[in-house]
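Report on one structure; see the data block that follows.
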């Protein structure tokens with residue numbers, strides 16, 4: 001004789017399926033090193049200047065007008081000889097270069113201007129876990145995973161160096177990449193020392209005990 005299942009029992013498979021579907025939706029992507037590198041290159045090529053970034057502005061053959069280092073003020077502006085205050089925040093280096101070039105034409109014949117972001121103060125990456133100093137790190141040009149770890153003071157004695165996570169993106173579909181420090185040092189996988197982008201999170205876990 002067949003036994004009847006209670007309504008609660010009958011619902012269990014459906015609830016389990018829904019739970020699996022929810023887990024699948026929150027699973028992070030695992031892009032390749034090449035994909036992460038290409039994505040970082042695209043972000044840095046369209047870098048938008050922000051307050052507290054430090055810029056180097058060079059005008060060819062015009063050393064008196066060139067500025068080795070100028071910090072973008074909290075109002076988003078910088079001061080440039082002859083043209084006074086100019087908006088820098090919210091623009092790319094190329095856009096700022098074009099604006100400075102156009103304004104200098106009143107004073108300089110065919111000015112050739114270069115704008116470089118020499119220090120990123122407006123954007124951070126974040127490193128957590130088994131490092132000497134956790135927290136936000138101001139981005140530097142061409143910053144990679146090992147650069148951030150070095151700035152954070154290196155690993156603690158308990159660091160799980162072979163399964164460091166880099167999480168990129170906070171909304172939509174975040175991506176996750178695992179960095180194996182020993183493999184990098186041994187030369188087995190040097191490409192994994194990827195370029196970082198603002199907002200990246202580096203998580204250095206505790207080493208797993210050998211008996212687990």
Within region 170-192, work out how many residues are in contact with a strand residue (DSSP E or B) (Cβ under 8 Å, 6 or more places away or on another chain), surrounded by 14 or more Cβ atoms within 10 Å (Cβ to Cβ) and not in a strand (DSSP E or B). 4
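Check every one of the strands (runs of 3 or more DSSP E) wholly within region 53-99 and list those with 3 or more residues that are under 17 Å from residue 141 (Cα atoms) and touching a residue at least 60 places away in the same chain (Cβ under 8 Å).
Working: elements: 54-59, 67-71, 77-80, 84-87.
Qualifying strands (runs of 3 or more DSSP E): 54-59.
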(1) closer than 29 Å to residue 71 by Cα; (2) surrounded by 17 or more Cβ atoms within 10 Å (Cβ to Cβ); (3) modelled with pLDDT of 95 or more all hold for residue 137 apart from (3)
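Among the listed residues 137, 167, identify the single one that is touching a helix residue (DSSP H, G or I) at 6+ places or on another chain (Cβ under 6 Å) and assigned to a strand (DSSP E or B). Spell out how you get there, then give the answer.
Details: 167 fails: touching a helix residue (DSSP H, G or I) at 6+ places or on another chain (Cβ under 6 Å).
Of 137, 167, the one residue that is touching a helix residue (DSSP H, G or I) at 6+ places or on another chain (Cβ under 6 Å) and assigned to a strand (DSSP E or B) is 137.
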Regarding residue 200, is this residue closer than 17 Å to residue 147 by Cα, at pLDDT below 85 and in the same structural domain as residue 155 (by TED's automatic domain parsing)? no
When you look at residue 102, is it out of contact with any strand residue (DSSP E or B) (no Cβ under 9 Å at 6 or more places or on another chain) and part of a helix (DSSP H, G or I), yes or no? yes
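Suppose the filter is in the same structural domain as residue 181 (by TED's automatic domain parsing) and at negative phi; does residue 130 pass it?
Numbers: in the same structural domain as residue 181 (by TED's automatic domain parsing): yes; at negative phi: yes.
The answer is yes for residue 130.
The values are calculated or read from the model by the stated rules, or taken from the named source; none is laboratory data. Since the structure is predicted, the reported quantities are computational estimates derived from the model, not experimental observations. Don't worry about glycine lacking a Cβ; one is built from the backbone with ideal geometry, like all the others, and counts go over all protein chains shown.
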